[in-house]
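Here's the structure we're looking at; comments come further down.
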């Protein structure tokens, strides 16, 4: 494999392809763009240092990535499975593949007409058929289960009805443990907004250890989807928003609704805050200034921040490294950014005072 030409696949949100492509090519001079469909791209590695075993992609907009083995066409599952078996045998790893992730590329923006990223029924059915065909060769293989860090995973991306792209990865990061890089969670029927999904994913991906009785100050909380999830975790939530909260959230005994704008909240309301979250419809510069006011000027000793940074213009995505640096300058030792599966034209930034303890 060391002398082979390697290709990477990347899955991203529909609409963010240009941003993701620019990020990849500007950050890695050894990559060349190769192929694309909405939400799916491949890149050729012309730098010999970009190879399995030594390279890890650092990307905000690549939801999931791996090493491409090629594409498979046709309608017959058995025929496809035979090709997949041949392709994965070419990898030559000393360890067997134990996880099979099969998913469709996104068909719409998250939340549009009820669409949410994840394993669709058709992808699950195809994955099960493929699993049955591969099991004689890989008896420990599991389909569309959460992977474990370091585990070798076969990736089958349903790019079109008659076209699969095959790849693999070794689940180096939390999001790679999820099929297609989307956490296997669904919006509860009782949730008051999609913010429930966004904060749930942010907590999982960002390794946020929100525990019972933690105090979370949430800026931009109405109508209360994120607060609802945090309350379910047992946290006390200080909801900062001049707008009304949904009754089911407002009436919760562990919620304090401060009906003021973020910069008009007296410090006495912010006593003993452990975590700060913010999701407001303003550009990143404004959002970061509000956070800086709370963290630096008001000197809140928060353990971490979960910030949704809106991108009204995709050009703002070019400043991601600067956004992270500003949080480092505020004293946060560990800062990450990611366009979550449940984000729209926005990204999530998670900042910790101390490096989190990784968990699966």
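The values are calculated or read from the model by the stated rules, or taken from the named source; none is laboratory data. All values derive from a computational prediction rather than experimental measurement. Heads up, the Cβs are rebuilt from the backbone with ideal geometry, glycines too, and the neighbour counts pull from every protein chain shown.
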Q. Got a number for residues in the range 67-116 being in a helix (DSSP H, G or I) and more than 30 Å from residue 193 (Cα to Cα)?
A. 13
Q. Just for strands (runs of 3 or more DSSP E) wholly inside the range 150-255: which have at least 2 residues that are modelled with pLDDT of 95 or more and under 23 Å from residue 294 (Cβ atoms)?
A. 215-219, 236-240
Q) Out of (1) under 21 Å from the mean Cα position of the chain (by Cα); (2) without any contact (Cβ under 8 Å) to a residue 60 or more places away in the chain, the odd one out for residue 208 is which? A) (2)
Q | The listed residue being more than 30 Å from residue 106 (Cα to Cα) and either outside any helix (DSSP H, G or I) or without any contact (Cβ under 8 Å) to a residue 12 or more places away in the chain (or both), out of 344, 355, 292 | A | 355
Q) Here are some residues: 30, 53, 39, 66. Which one is at pLDDT 90 or above and within 22 Å of residue 149 (Cβ to Cβ)? A) 66
Q: Of all residues in the range 1-32, count the ones that are free of Cβ contacts under 8 Å to residues at least 40 places away in the same chain and surrounded by 18 or more Cβ atoms within 10 Å (Cβ to Cβ).
A: 5
Q.
So, in the range 1-20, how many residues would count as being under 23 Å from residue 115 (Cβ atoms) and not in a strand (DSSP E or B)?
A. 9
Q. Are any residues in the range 312-341 part of a loop (DSSP other than H, G, I, E, B), under 20 Å from residue 24 (Cα atoms) and more than 18 Å from the chain's Cα centre (by Cα), and if so, which ones?
A. 313
**Q.** Which listed residue, of 283, 312, is touching a helix residue (DSSP H, G or I) at 6+ places or on another chain (Cβ under 8 Å) and closer than 21 Å to residue 15 by Cα
**A.** 283
Q: Only residues that are loosely packed, with under 15 Cβ neighbours inside 10 Å, in a helix (DSSP H, G or I) and in contact with a strand residue (DSSP E or B) (Cβ under 6 Å, 6 or more places away or on another chain): list them for the range 259-274, please.
A: 269
Q: Would you point out the residue of the range 33-54, among those that are assigned to a strand (DSSP E or B) and touching a residue at least 40 places away in the same chain (Cβ under 8 Å), that is farthest from the chain's Cα centre (by Cα)?
A: 45
Q: Run residue 140 past the list (1) surrounded by 18 or more Cβ atoms within 10 Å (Cβ to Cβ); (2) assigned by TED's automatic domain parsing to the domain that holds residue 109; (3) assigned to a loop (DSSP other than H, G, I, E, B) and report the number of the one that doesn't hold.
A: (1)
(Q) Which count do you get for residues in the range 128-179 that are on the phi > 0 side of the Ramachandran plot and touching a residue at least 40 places away in the same chain (Cβ under 8 Å)? (A) 2
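Residue by residue, here is whether (1) out of contact with any helix residue (DSSP H, G or I) (no Cβ under 6 Å at 6 or more places or on another chain); (2) buried (at least 16 other Cβ atoms within 10 Å of the Cβ); (3) outside the structural domain of residue 37 (by TED's automatic domain parsing) holds:
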site	(1), (2), (3)
69	no, yes, no
81	no, yes, no
84	yes, yes, no
92	yes, no, no
105	yes, yes, no
111	yes, yes, no
Q: Could you tell me which of the residues 256, 203, 237, 248 is closer than 25 Å to residue 111 by Cβ, surrounded by fewer than 15 Cβ atoms within 10 Å (Cβ to Cβ) and assigned by TED's automatic domain parsing to the domain that holds residue 314?
A: 248
(Q) Step by step: first the residues of the range 295-308, then only those that are outside any loop (DSSP other than H, G, I, E, B) and in contact (Cβ under 8 Å) with a residue 12 or more places away in the chain, then the one that is surrounded by the fewest Cβ atoms within 10 Å (Cβ to Cβ). Which residue is that? (A) 296
